[in-house]
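Just below is one structure, and these are the notes that go with it.
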């Protein structure tokens, strides 16, 4: 019980909020770039700054789900982790400043999809937390 | 003329016409004469052709009509009486209504006199003969007088000649007065073109004239040729009945040769672009204030009015822009200075003032042609309007009458003071560079160019050399000798001196000269094998980052030390044909992309000269040029004795041509259309802004557009290319090219106005880009598929009304597309697989295709092959008369006669081919005493005899047509393997070779695929 609480509240929730924020920021920069509010050099360096930390964090989170036995969460996160690993292996994970406009649309879509995905994870997390809280209160009452 | 072959094809068809033909054809080009009367026509009207094209419009009512008809046939007049016979459309536009009639009668006489002059015409006319039937097209004339209202014009396209001709005339007059109201004109335009096109079958003669330019001597014949099977149908219908039907029919050039059972294309009838690239004149007539096609060419000079229409045009839709092309014939681009006012622009869409803007309210306001916003005229720019609504000062305002102007940009167009021209040379001095003699050639060439570097007296110059260490040179003007500073710490690069590495040329001139004199001897005994290219690049960047400028890299070996070192790759044949194949054509180390991005940011443009005889990874090095608007020059296995001349010329051209510095380019268009992708050497700084640190007249950029709105409501679409740059003199300028094109609603119009040159340019750039992410095979298939789709859609337009079985149809405007597609697939960049072309050469060829102008690209894809021995031997032909060596031959082995001497010129090199049984004195005279020696060791130099001087003259002429590259001559003897194979035979694109299909077979493949829909 206590471990579970730590998992959901201390690890899962903040991590995913961070992922969500990072994805949101990246989408924001990309749309700024599209409407010419930022130059491609700044845009790609700002985005690239967040990419590796996000990949590592996401990978760790996935591993943690596996080791703590949260199978559903693990199954949810593992495809994304695999995709990240694949991008990294192909060396396509960073935004290439010289080609950024050519891939702009695809990158944006990819990030919006990730945004939705992280949001889903957060909803699940919150749901589990609430569930846990209700359960905990219930058991207190008794 | 080159068209012996072409000539023949016509032969068969001729019969009908021949009686007439005989008389006139003879006149024009007697020289070749062997052929019977009928042949002459084929002979090539070509050279003259261009002028002709002009004529129709020139006013020459009479001119237009006459030659065609009269020349070849007396018969016409007779036909004429038949009201139904339409006069050739072209005739219609030129002459006043009455004209046609008179002319015909007249025709018979003029033949002798006029014909001579009009030789060109005649030639065409003669081709026409096959069509005697064709005359029918002409009846139109009668209508003309009535001057049909422009309104009709819209529909006409389909109608074919009937409708169009009438419209034709109206438009014409309209021109002068109506310039402003471009919209108005647009519609008419359409109509008239169809007319032209329509002529194919019957009207060919007519057709010819409008299109002359395209046709070349060659073309005309194909249409005729089919006589055997297909032609009959073609010609018959027109006579018979429905004119509309006939027109459509004619509009197609079809060719088939039912041989026995299988459809086969007779190679002699296939269209060949022996005239080279011909710029379309369509728009020049419609919108005389447009910029010249040498600056901007659209793949089709019409914008589809709806997305659904655009989606049926399967070929690329876009533009090819060469913003600094050398203006034609010594014209100068007018420079306009608005000071003290700012540049006049639309306040909403930022369009620059141009001839299509209309002034209203007594001159106080102007309406933007692009976004229709009503703007105030700045008080400094105010002028009254005259009675016709034009500004009274229009004649003093080139920006209101010309499609291409330059504005002087005021301070708000600068982020920093205009930079001076900066040249920095980074030279490899490792042992291989020393041995090849490259250093000496480079040093001498630079020295000889010092006086001609643009931008005196502000020009700055600097040098660095590298092997396993980096050497800088302090050239401070107070020194008498340059001081060499060596940096050997490659991991932590620093610049030994903050200033004085880049110095003002006029101040330090003597130091620079001393340095260049000593450069080649300085490293004479260098035995260093290594190349610290990456660190050297970084240090050059540090030196230049203050100002920007041009960085010229001379690289002779694979970078082996420090950051950016590269591995040998590309020698593994197993990678080809797998999914990893494209990786070989991409930069291996991201360092190069990063450096390129930094270079572009700091306004540095990089030109890479590579010389190695081993693998140098052009794919990686070329990246530097790719994103900085640079260029790649590749001299495989450079030896100064052999290739020195080429390097000298190309480096000189690079250093002395007019260059625009720290430039950005944008192409604007009206709402509803947007440019989506850009192809070429540049870096995008925002979605539609091309950053070009240095750009010159030899670079072209391509872009594709897409429709954003489902339906365009305007009649005319405007494009405006603006290049903001710093001229070498230090003035900030904006070069603006404005172009108006009609918006059309019919697919047929889009095809009619298509521009093969621009399409091929875009297609090849797309194909090269495809090779960077996919296999070569896929890129070739994509090209073929695109062509097939385009032709299939075209076929579907006509499949309903006509029996098309066994025939391949294509629009007149795209008749060379198939051949260029084939040539593209067989070009150095896309050909074969591992064994066919060394990887470096392939990458270098790809880089060339991505930058060159349309003209050069077409020349590269379909080089000229010219027979020289007659010119060399015939003393009677004056040496200045180079006309006889303008006749290009089809690129097939059959064109080569073993008694002849031929020159093959693709714009990058010349190959001189000696036939096996060529007369010995030719060889002796041209090559001197060692004529029997192996040709690879012989270089071509001028000998002291007339024949050799003549050859030199020919070479000089070929080289002078376009100086962007220098054609080094290679000599080859017939049967000298393997040299003959890879130098010449592999490049005869019409012949089948190895796994590559020949022209006839390729056409067959395409036509099969087109028909399986």
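Hey, can you tell me all the residues within region A:4-37 that are out of contact with any helix residue (DSSP H, G or I) (no Cβ under 9 Å at 6 or more places or on another chain) and buried (at least 16 other Cβ atoms within 10 Å of the Cβ)?
none
Counting only residues that are within 11 Å of chain A (Cβ to nearest Cβ), in a helix (DSSP H, G or I) and surrounded by fewer than 24 Cβ atoms within 10 Å (Cβ to Cβ), how many does region B:583-623 have?
Counting residues in region B:583-623 that are within 11 Å of chain A (Cβ to nearest Cβ), in a helix (DSSP H, G or I) and surrounded by fewer than 24 Cβ atoms within 10 Å (Cβ to Cβ) gives 7.
Of (1) over 31 Å from the mean Cα position of the chain (by Cα); (2) farther than 16 Å from residue B:727 by Cβ; (3) in contact (Cβ under 8 Å) with a residue 24 or more places away in the chain, residue B:451 satisfies all except one. Which?
So residue B:451 meets the others, but not (3).
Consider residue B:519 carefully, then state whether it is closer than 25 Å to residue B:654 by Cβ, more than 14 Å from chain A (Cβ to nearest Cβ) and under 35 Å from the mean Cα position of the chain (by Cα). First the steps, then the outcome.
Values: closer than 25 Å to residue B:654 by Cβ: yes; more than 14 Å from chain A (Cβ to nearest Cβ): yes; under 35 Å from the mean Cα position of the chain (by Cα): no.
Judged against the criteria, residue B:519 is not a match.
Restricting to region B:737-750, name every residue that is touching a helix residue (DSSP H, G or I) at 6+ places or on another chain (Cβ under 7 Å) and within 23 Å of residue B:679 (Cα to Cα).
B:740, B:741
Among the residues of region B:498-511, what is the count of those that are touching a strand residue (DSSP E or B) at 6+ places or on another chain (Cβ under 6 Å) and outside any strand (DSSP E or B)? Spell out the reasoning first.
To start, the set of residues in region B:498-511 that are touching a strand residue (DSSP E or B) at 6+ places or on another chain (Cβ under 6 Å) comprises B:500-502, B:504-505.
Next, only the ones that are outside any strand (DSSP E or B) stay: B:500-501, B:505.
Number of matching residues: 3.
Is it the case that residue B:565 is within 21 Å of residue B:770 (Cβ to Cβ), assigned to a loop (DSSP other than H, G, I, E, B), in contact with a helix residue (DSSP H, G or I) (Cβ under 8 Å, 6 or more places away or on another chain) and more than 13 Å from chain A (Cβ to nearest Cβ)?
Values: within 21 Å of residue B:770 (Cβ to Cβ): no; assigned to a loop (DSSP other than H, G, I, E, B): yes; in contact with a helix residue (DSSP H, G or I) (Cβ under 8 Å, 6 or more places away or on another chain): yes; more than 13 Å from chain A (Cβ to nearest Cβ): yes.
No: the conditions fail for residue B:565.
Residues that are within 14 Å of another protein chain (Cβ to nearest Cβ): list the strands (runs of 3 or more DSSP E) wholly contained in region B:667-747 that include at least 3 such residues. I'd like the intermediate steps shown before the answer.
On the way: elements: B:673-679, B:683-686, B:689-696, B:701-707, B:716-726, B:732-744.
Of the strands (runs of 3 or more DSSP E) lying wholly inside region B:667-747, those with at least 3 residues that are within 14 Å of another protein chain (Cβ to nearest Cβ) span B:673-679, B:683-686, B:689-696, B:701-707.
Taking the condition under 14 Å from residue B:1003 (Cα atoms) and either surrounded by 17 or more Cβ atoms within 10 Å (Cβ to Cβ) or touching a residue at least 12 places away in the same chain (Cβ under 8 Å) (or both), does residue B:768 pass?
Values: under 14 Å from residue B:1003 (Cα atoms): no; either surrounded by 17 or more Cβ atoms within 10 Å (Cβ to Cβ) or touching a residue at least 12 places away in the same chain (Cβ under 8 Å) (or both): yes.
No, not satisfied.
Tell me, yes or no, whether region B:346-365 has at least one residue that is outside any loop (DSSP other than H, G, I, E, B) and in contact with a helix residue (DSSP H, G or I) (Cβ under 6 Å, 6 or more places away or on another chain).
Taking region B:346-365 as the starting set, the residues that turn out to be outside any loop (DSSP other than H, G, I, E, B) are B:352, B:358-363, B:365.
Pick out the ones that are also in contact with a helix residue (DSSP H, G or I) (Cβ under 6 Å, 6 or more places away or on another chain) and you get none.
No; the residues of region B:346-365 include none that is outside any loop (DSSP other than H, G, I, E, B) and in contact with a helix residue (DSSP H, G or I) (Cβ under 6 Å, 6 or more places away or on another chain).
Identify the single condition in (1) more than 30 Å from residue B:675 (Cβ to Cβ); (2) touching a helix residue (DSSP H, G or I) at 6+ places or on another chain (Cβ under 9 Å) that residue A:89 does not satisfy, given that it satisfies every other one.
Going through the list (1) more than 30 Å from residue B:675 (Cβ to Cβ); (2) touching a helix residue (DSSP H, G or I) at 6+ places or on another chain (Cβ under 9 Å), residue A:89 breaks only (2).
Inspect region B:625-634 for any residue being free of Cβ contacts under 8 Å to residues at least 12 places away in the same chain, touching a helix residue (DSSP H, G or I) at 6+ places or on another chain (Cβ under 6 Å) and within 13 Å of another protein chain (Cβ to nearest Cβ) and give the result as yes or no. Outline the logic, then answer.
So in region B:625-634, the residues free of Cβ contacts under 8 Å to residues at least 12 places away in the same chain come out as none.
Looking through region B:625-634, none of the residues is free of Cβ contacts under 8 Å to residues at least 12 places away in the same chain, touching a helix residue (DSSP H, G or I) at 6+ places or on another chain (Cβ under 6 Å) and within 13 Å of another protein chain (Cβ to nearest Cβ).
For a quick check of your reading: which helices (runs of 4 or more DSSP H) sit entirely within region B:941-1013 and have at least 2 residues that are in contact with a helix residue (DSSP H, G or I) (Cβ under 7 Å, 6 or more places away or on another chain), closer than 21 Å to residue B:266 by Cα and at pLDDT 85 or above? Before the answer, list the steps.
On the way: elements: B:946-960, B:979-983, B:999-1011.
Filter on region B:941-1013 gives B:999-1011.
Go over the candidates B:858, B:865, B:822, B:830 one by one and state the one that is within 20 Å of the chain's Cα centre (by Cα), on the phi < 0 side of the Ramachandran plot and part of a strand (DSSP E or B).
Numbers: B:858 fails: part of a strand (DSSP E or B); B:822 fails: part of a strand (DSSP E or B); B:830 fails: part of a strand (DSSP E or B).
Residue meeting the stated conditions: B:865.
Here are B:648, B:653: which of them is crowded, with 18+ Cβ neighbours inside 10 Å, away from chain A (no Cβ under 12 Å) and assigned to a helix (DSSP H, G or I)?
Step by step, each of B:648, B:653 is checked, and only B:648 is crowded, with 18+ Cβ neighbours inside 10 Å, away from chain A (no Cβ under 12 Å) and assigned to a helix (DSSP H, G or I).
The values are calculated or read from the model by the stated rules, or taken from the named source; none is laboratory data. Remember, it's a predicted structure, so these values are computed and weren't measured experimentally. Here Cβ is always computed from backbone atoms with ideal geometry, including for glycine, and neighbour counts include all displayed protein chains.
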